[in-house]
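Let me begin by presenting the structure, written as structure tokens, before commenting on it.
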Amino acid sequence: MKRAVLLALLAACTRPAVPAKVAERARLELHVDARDAHAVRVEGRFVGGGSATVALPDETLQGLTRLEVKRDGAWTTLAPNRASAPECVHDCTLRYTIDLDRVERSFEGVLAVGPTAFVAPSPTWMAHPDPMPPGEFDLTVDGAAAAGASFASVPFATGLRRASEPGSYVVPTGDYYEGSFAAFGKLRHRAIEAAGGRIEIVLVGDTPLAMSDDQVAAWVAGDAACVAQLYGHFPVPRASVFVVPIDDATNVVFGKVLSMGGASIIALTGTRFPEKTVHSDWVLVHEMTHLGFPTMGGVRWLTEGLATYYEPILRTRAGWHDPKWLWGWLGSQMHRGLSGAELGLDKRDTIDDSYWGGALFLFMTDVGVREATRGAKSLDDVMRAILARGGNATVAWTLPEVLAVARETTGTRVMDDLVDRLAVHGAHVDLDALLAKLGVHVSGEDATLDDAAPEAAVRKAIEH
């Protein structure tokens, strides 16, 4: 996301110079008045971190209605655009107001929900130094949601990591760009306990859903329990789920996780999505599965492939679908990840490559580990071990770190070898033959299952 310069912070600092090899930490204090979504007021003080500018995304500029900087103890009003770049000393204080209704709309930026509610990732409304110094943002928010067991009206809710005081949050500067979702305006908030985690449900806007409040809470809790089958418990201690109504849709039409600053999920939920069909919808289970695996830059095929592979398996293990449906779905869709008959995950980056090519990689890893260990270990064990080492979506890992845990947990190099074959170099994959030895024969999206197949036991173990 592009960032526009709003304010220059010069290095006219009176304290001793910091050695070149020692990065100066910053303290970034933001006080947010979120009680009016058409006039979100932010006052920020940026201390330390060296010379920088202060930035907001380009699309946020058109929503700025006020920008001021404090000079010599007095406030100076500036034109709220990128041309305003006044001098500002090391300890810089500014304040600005954003009308979220005037900010450019997108799934990556601010999303409007009717005329009075908005969902916005934290970078769209939190100004920051650029370049970003090491340090922390300390936020206090007027209007923040308080924990409660029933849906209560609030003007602001967020998945950002909470500090000790109510309405206070802390975000390391390194987590800023993948921070968390927040919502402003007409909201209703409810906290539930599910599968060992605390989930804060935020109903965004006032458009009614087909489900009652209790049914929404039961849906979210049920999907959390479904995902806990894999991890042993809900994968993070706290998460926020933003339920955004979409007129006339009968399912969840889109979902996304932002987690580095605090686990959060957005679920664009059809207003005609009924309680009786929630187990047929895959989106929320997919997004919750993401929460149990580290954030990994540049290896999208692994993170998306993981959630794509496990989502139908977990719903089958929960009893929501039968094995024939599972293998008909996986068997038909994993072909989408192949270019011809080759899987080359590092060579392509289409949706089919990332989601279904990644799912095929995880499927082959799971089968390979089960074969190599004669059923003693599986991909499930790798996932639980990664999470037990702190590898959830609120932290960043690298591919070598994941591979090391896989080797240690399974006593094999199955995942290493498949990365080399299928990601680095690209290799021929005979998916139909692999499925056949498990006793799966696919026609369209239908499957027949043969329990006499050589490795039918591996297939059954995956189902359960």
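The values are calculated or read from the model by the stated rules, or taken from the named source; none is laboratory data. Since this is a predicted model, take the numbers as computed values, not measurements. Note that each Cβ is placed from the backbone with ideal geometry, even for glycine, and that neighbours are counted across all protein chains shown.
Of all the residues in segment 394-441, those that are touching a His at 6+ places or on another chain (Cβ under 9 Å) and surrounded by 15 or more Cβ atoms within 10 Å (Cβ to Cβ) number 2.
Given the residues Arg272, Arg348, which is the only one that is under 30 Å from Asp213 (Cβ atoms) and surrounded by fewer than 17 Cβ atoms within 10 Å (Cβ to Cβ)? First the steps, then the outcome.
Working: Arg348 fails: under 30 Å from Asp213 (Cβ atoms).
Sole residue among the options that is under 30 Å from Asp213 (Cβ atoms) and surrounded by fewer than 17 Cβ atoms within 10 Å (Cβ to Cβ): Arg272.
Apart from one condition, Gly357 fits all of (1) closer than 14 Å to Phe293 by Cβ; (2) crowded, with 23+ Cβ neighbours inside 10 Å; the exception is (1).
The residue of segment 36-56 that is nearest to Arg95 (Cα to Cα), among those that are touching a helix residue (DSSP H, G or I) at 6+ places or on another chain (Cβ under 8 Å) and either without any contact (Cβ under 8 Å) to a residue 40 or more places away in the chain or assigned to a strand (DSSP E or B) (or both), is Val40. Show me the helices (runs of 4 or more DSSP H) found entirely inside segment 364-464 where at least 3 residues are among the β-branched types (Val, Ile, Thr). Per the criteria, 399-410. Scanning segment 127-148 for residues that are of a type in the set (D, E, K, R) and either in contact with a helix residue (DSSP H, G or I) (Cβ under 6 Å, 6 or more places away or on another chain) or at pLDDT 85 or above (or both) returns Glu136, Asp138, Asp142. Among the residues of segment 283-332, those identified as under 13 Å from Leu362 (Cβ atoms) and in a loop (DSSP other than H, G, I, E, B) are Phe293, Val299.
Residues in segment 57-77 that are farther than 23 Å from Gly109 by Cβ and part of a loop (DSSP other than H, G, I, E, B) were compared, and the one that is modelled with the highest pLDDT is Gly73.
Rundown of residues vs (1) farther than 19 Å from Ser354 by Cβ; (2) aromatic (Phe, Trp, Tyr); (3) in contact with a strand residue (DSSP E or B) (Cβ under 7 Å, 6 or more places away or on another chain), yes/no style:
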position: Ser240; (1), (2), (3): yes, no, yes
position: Ile246; (1), (2), (3): yes, no, yes
position: Arg272; (1), (2), (3): yes, no, no
position: Thr277; (1), (2), (3): yes, no, no
position: Thr289; (1), (2), (3): no, no, no
position: Pro312; (1), (2), (3): no, no, no
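Out of Trp282, Trp301, I need the residue that is farther than 20 Å from Gly232 by Cβ, surrounded by 23 or more Cβ atoms within 10 Å (Cβ to Cβ) and either charged (D, E, K, R) or over 14 Å from the mean Cα position of the chain (by Cα) (or both). Which one? It is Trp301.
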